[in-house]
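What follows draws every value from the coordinates through simple rules; no lab data is involved. All figures in this text were calculated on a predicted structure; none of them were measured in a lab. Using ideal geometry, Cβ is built from the backbone for each residue, glycine included, and neighbour counts are taken over all protein chains shown.
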Amino acid sequence: MLDIFKSDAFSTLTLTDDINKMPHVPGRIGRTGIFNERGVPTTQVMIEEKDGFLTLIPNTQRGGPATQYTKQGRAARSFLLPHLPLEDRILASEIQDVRQFGSDNQMESVQSVVNDRMTELAHSHDATVEYGRIGAIKGVILDADGTTVIYNLFNEFEVSQTVVSFELDVVTTKVRNICLDIKRTIAKALGVEMITAVRAFCGANFFQGLISHDNVAGAYERWQNGEMLRNDPRAGFPFGEIIFEEYVGQVGTVDFIHPDEAHFVPIGVNGLFRTYFGPGDFLETVNTIGLPRYAKVAPDEKLNRFVDVHTQSNPLSMCLRPDILVKGKFT
C-alpha cells in the first residue's frame, strides 16, 4: 500500500486537481453567483478604499476666489485569510475488502476509497465557504462555533449598519413602503453604482410573517399560482421591488440566518462581494495563486497501517462596502 500512495496518482498536484473537480455544493448563496471568486498568492489581502463623491459648486463673483476641490481620501486595510485544514485517516482494513492482493486493479480500488473520503471532506469545505459568505452578507464573519468573531466588517470599515424594523404582526404596517425605503437606502449608499435588484435572505419566522401579512398575502398567493409558469421557482418572491426568499441552512443547531431576521443585499454590482482563496500551506504551493481546495496524502511510514488524507482551504469572503448591508428585524 505504501508504494501505491507514493505514485503520481496520489501526488499533491493530482489530488488537489481531483478534489476541485468534485461536485460543488456550496449552498444557496454560492448558487446565486453574487460572489466573485479570486485566487491570491498571499495569506492576506489588502483592501483599498477610495471616498469619491460629487459636490455642488456654489456661485461666486467673477474674479473672486474659486471653490477648492476636496480630494479623494484613501484608506487601506489588511485582512488575513482563514486557514481551514481538515484531515481523516484511511485504515488498511478499509481497503482490505475492496481489492485482491496482486490484482491488476489495485490502484483503481484504492483510489476509489480515497476519492470517496475526499468527497466527504470537500462537502465540509463547501459548507464552510457558504457559512463565510453568509457572514459577509450579514457583515459579521464568524468562526465555526457560531460565536467567535473573525471579522466585524462594520468595525473594520468604520461604518454602521442600517437596521429596519418590520412590524409584521401589525395589520396597518405598510410593508411595501418599508421595502421601497430599504431600496432607496441601499441606492444612496452605493452612489453612482447601478443595481439590477435587491435580494433579501430571510429567516423562517421573518419570511412566514411577511407572506402572512394582510398587505402581502394576496401578492404571495398570486405569485404561487404562477409558479408552474416560471422556469426557476427558486428565484424568490418579488414584493416592493425586493426579491424575498427563505434561507435554509444550519451549523449544528445554529441557524445561518436568525429566524427573526432578513438581510438585504444589492444584486448586479460588480466586485461588491468577493471570495478570496489563498495558497495551500505546503512548500510546493508557496507564493502560488490560491485554489478553492487542496488535498494531500501521508502514509504511515513506520508500520504502513494507514494513510492520512489532508485537505485544506484558505477562503475569505468579503463585502467591500458593508455600509450598504441592511438588516430587517421581525418585531
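Fully extending the segment from HIS83 to ALA187, taken as 0.36 nm per residue of separation minus the present Cα-Cα distance, adds 34.0 nm.
For the range 194-331, the equivalent ellipsoid derived from the alpha-carbon gyration tensor has semi-axes of 42, 19, 15 Å in decreasing order. Which whole-angstrom value gives the distance between the alpha carbon centres of the range 243-316 and the range 173-187? Centre-to-centre (Cα) distance: 34 Å.
Computed on the Cα trace of the range 119-165, the radius of gyration divided by the Kirkwood hydrodynamic radius gives Rg/Rh = 1.09. Charge tally for HIS258 (other residues, Cβ to Cβ under 14 Å; Lys, Arg +1; Asp, Glu -1): -1. Rounded to the nearest angstrom and listed largest first, the equivalent-ellipsoid semi-axes of the range 268-331 from its Cα gyration tensor are 39, 17, 7.
When each of the peptides 134-146, 240-252, 33-45 is scored by the mean number of other C-beta atoms lying within 10 Å of its residues, the order from highest to lowest reads 134-146, 240-252, 33-45. The shape of the range 259-301 comes out oblate: with a ≥ b ≥ c from the C-alpha gyration tensor, a/c is at least 1.5 while a/b does not beat b/c. When Rg and the Kirkwood Rh are both derived from Cα coordinates, the Rg/Rh ratio for the range 233-273 amounts to 1.02.
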